Amino acid sequence: MSEFQTLIFDESRDHVEVTLDRPETKNAIDAEMIDELHRVCAILEQRPRIMVLTGGTNGVFAGGADIAQLRDRRRDDALAGINVNLFERIRKLPMPTVAAIDGYALGGGAELSYACDIRVATPRTVFGQPEPGLGIIAGAGATFRLVRLLGESIAKQVLLAGQWLDSDQALRFGLVQSVVDPDDLVAAARGIAENMGRSSQIALRMTKLAADAGEAAHPQIELAIQALLFEDAEKIDRMTAFLDRRGRKSEGRS
């Protein structure tokens, strides 16, 4: 869509692909990019689809928030939650999201990737939260999402001790699903999206809803969702096809 100035938006596939496109600033997240990502969210809320989000394959996913704009923000800007509200909106998109991360994902760029459901990295991917060195906190989700993703001890090493996580550590800690060559990154993310796309879309959407629900909602939310899906015609069709395939295989072995 040509009206995007900081993003490349491609909806030519069953899923959509969004590329951060401010290479001259290492994809720093500025006010215009935030506005445009909100527009992407509105599109995907109106017509839910899986999203692949990438910063391209030039060695930088997103170098963080635009520091020049961040320096000028004051108390009311912080309380408005400019970045965290966007990232929370991405987190709550109806369908799964896959972040394809090549190179640096720092500050707000890292927090943007944490808001996605699945992350794929390259050998040169690095996650870091340098905010305390700039006199602020990681205020767009890292202080609570990293604890959930990595556990308290490792999260505090990143948030407090300034430890950067390279791709091997990110894979070992489960922050990323896989590490692939930069040339294969987008294809790997597409593969995940296409694999999910072969599932029942309503079941996929409901699974994400249940996984993201607060602890108090369980197990009641699973019971309610499963009751809904048990009445769904696609469930019957898919299970019938599965049993038919298994029956044919059994006949072939006899």
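The values are calculated or read from the model by the stated rules, or taken from the named source; none is laboratory data. This structure is a prediction, so every number in the text was calculated from the model and none was measured. Every residue, glycine as well, gets a Cβ built from its backbone with ideal geometry; the counts of neighbours run over all protein chains shown. Only protein heavy atoms, including side chains, enter the accessible area calculation; ligands, DNA and RNA are left aside. Shrake-Rupley method; radii C 1.70, N 1.55, O 1.52, S 1.80 Å.
Data overview
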quantity	calculated
Residue that is farthest from ALA121 (Cα to Cα) [pool: residues in segment 169-185 that are among the aliphatic types (A, V, I, L, M) and open to solvent by 40 Å² or more (accessible area, probe 1.4 Å)]	LEU171
Residue within segment 53-68 that is in a helix (DSSP H, G or I), at negative phi and modelled with pLDDT under 90 present	yes
Cβ-Cβ under 7 Å pairs, at least 6 apart or on other chains, segment 108-132 side among the basic types (Lys, Arg), far side at pLDDT 95 or above and part of a helix (DSSP H, G or I)	ARG119/SER113
Where MET33 falls short, out of the listed (1) assigned to a strand (DSSP E or B); (2) aliphatic (A, V, I, L, M); (3) surrounded by 18 or more Cβ atoms within 10 Å (Cβ to Cβ)	(1)
Boolean, ALA211 is within 30 Å of THR122 (Cβ to Cβ), open to solvent by less than 90 Å² (accessible area, probe 1.4 Å), hydrophobic (A, V, I, L, M, F, W, C) and at pLDDT 90 or above	yes
Some residue of segment 74-82 being assigned to a loop (DSSP other than H, G, I, E, B) and either open to solvent by 40 Å² or more (accessible area, probe 1.4 Å) or touching a Leu at 6+ places or on another chain (Cβ under 8 Å) (or both)	yes
Cβ-Cβ under 8 Å pairs, at least 6 apart or on other chains, segment 207-231 side under 18 Å from ARG145 (Cβ atoms), far side open to solvent by 90 Å² or more (accessible area, probe 1.4 Å)	ASP212/LYS92
Any hit, segment 155-173, residues being within 15 Å of THR54 (Cβ to Cβ), assigned to a helix (DSSP H, G or I), of a type outside the set (Asp, Glu) and at pLDDT 95 or above	no
Residue ID - nearest to GLU17 (Cα to Cα), chosen from residues in segment 40-49 that are open to solvent by 10 Å² or more (accessible area, probe 1.4 Å) and touching a residue at least 40 places away in the same chain (Cβ under 8 Å)	ARG49
Only one of GLU194, GLU222 that is in contact with a helix residue (DSSP H, G or I) (Cβ under 7 Å, 6 or more places away or on another chain) and either open to solvent by 70 Å² or more (accessible area, probe 1.4 Å) or part of a helix (DSSP H, G or I) (or both)	GLU222
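Conditions tested, residue by residue: (1) open to solvent by 50 Å² or more (accessible area, probe 1.4 Å); (2) farther than 30 Å from ARG198 by Cα.
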| site | (1), (2) |
| --- | --- |
| ILE67 | yes, yes |
| ARG89 | yes, no |
| PRO94 | no, no |
| ILE101 | no, no |
| GLY107 | no, yes |
